[in-house]
Amino acid sequence: MADTPLEGVRVAVLVANEGVEQVEMTEPMRAVREAGATAFIVAPEKGEVQGFNHLDKGDVFHVDHTLAKARPEDYDALILPGGVANPDHLRTLPEAVDFVRAFVDAGKPIGVICHGAWTLVEAGAVRGRTLTSWPSLRTDIVNAGGTWVDEEVHVDEGLVSSRNPDDLPAFCAKIVEEFAEGRHERSPEGAAAGRSA
C-alpha cells in the first residue's frame, strides 16, 4: 500500500484540445498513475488532444471526458498543465473556469505548472494564495490578489505550483504527496482573503 498512496483517487487533467505542453501533461499523469490513481484527460471537445513540445507538434492523446459531461464531484484532484495556448484558451470558456472553481471551492488539491495558472486567475482562485508559475504570469497573479514566488515548487494549502518543465521532478513528487492528503481546509485567514473583493 505504501507504493500506491493514491489508490482509488480520481484525477482530472484539464487541457484544451490544442496547445498543451506535452511533458507537463504526461509526466504528472505518469506520476499519479504510478502512485495508484486513475487520471482522466478532460477537454472541451471529444476526440483528441494535440500535445506540443514548445512550438512543435508532439503526440496526440485520447480525451477521456468532455467538459460538458465531466462533473467536478467525480474527481478528487485536478492537474492544470501549461503551454501558452492551452490555459489561454481554457480561461475563455466559462465551463472550464467553473470546473476549476469547483475544485477550489471544495478544497480539493490542485497541481498547476507553468502558464496553467492563467486558468486559476480567471477562476478568481489566487487571491490570498501564494504560488509560482512561468515568470511572465507574475503580474497577472499579483493583480489578481495572489503572491508570486520564484521557487521550484510551492505548496499553499493543497495548491501545488511549479514554474516550467525543469521543475517536473519536484512538482510530480509534491502532487502525489498533496493528492494523498486529500481535501485541504483553508486557514481562516486564507479563506477570508479569498472571499474579499
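Bear in mind that the values in this text are calculations on the coordinates, not laboratory data. On a predicted model such as this, the values are computed, not experimentally measured, just so you know. Here the Cβ is made from the backbone with ideal geometry for all residues, glycine too, and neighbour counts use every protein chain on show.
On the given criteria, is ALA102 surrounded by fewer than 22 Cβ atoms within 10 Å (Cβ to Cβ), under 25 Å from GLY36 (Cβ atoms) and in contact (Cβ under 8 Å) with a residue 60 or more places away in the chain?
So ALA102 does not fit the description; no.
So which residues in segment 11-40 are of a type in the set (Ser, Thr, Tyr) and farther than 22 Å from LEU120 by Cα?
Within segment 11-40, just THR38 meets the criteria.
Can you tell me which residue among GLU95, GLU73 is surrounded by fewer than 21 Cβ atoms within 10 Å (Cβ to Cβ), touching a Pro at 6+ places or on another chain (Cβ under 9 Å) and among the charged types (D, E, K, R)?
GLU95
Just to be sure I understand, how many residues within segment 125-143 are surrounded by fewer than 19 Cβ atoms within 10 Å (Cβ to Cβ), closer than 20 Å to ALA106 by Cα and either β-branched (Val, Ile, Thr) or without any contact (Cβ under 8 Å) to a residue 40 or more places away in the chain (or both)?
Residues that pass the stated criteria total 1.
So, of the residues in segment 144-157 that are outside any loop (DSSP other than H, G, I, E, B) and not charged (D, E, K, R), which turns out to be surrounded by the most Cβ atoms within 10 Å (Cβ to Cβ)?
Of everything passing the filter in segment 144-157, HIS154 is surrounded by the most Cβ atoms within 10 Å (Cβ to Cβ).
Among what's in segment 45-65 and is at negative phi and outside any strand (DSSP E or B), pick the residue that is surrounded by the most Cβ atoms within 10 Å (Cβ to Cβ).
VAL63
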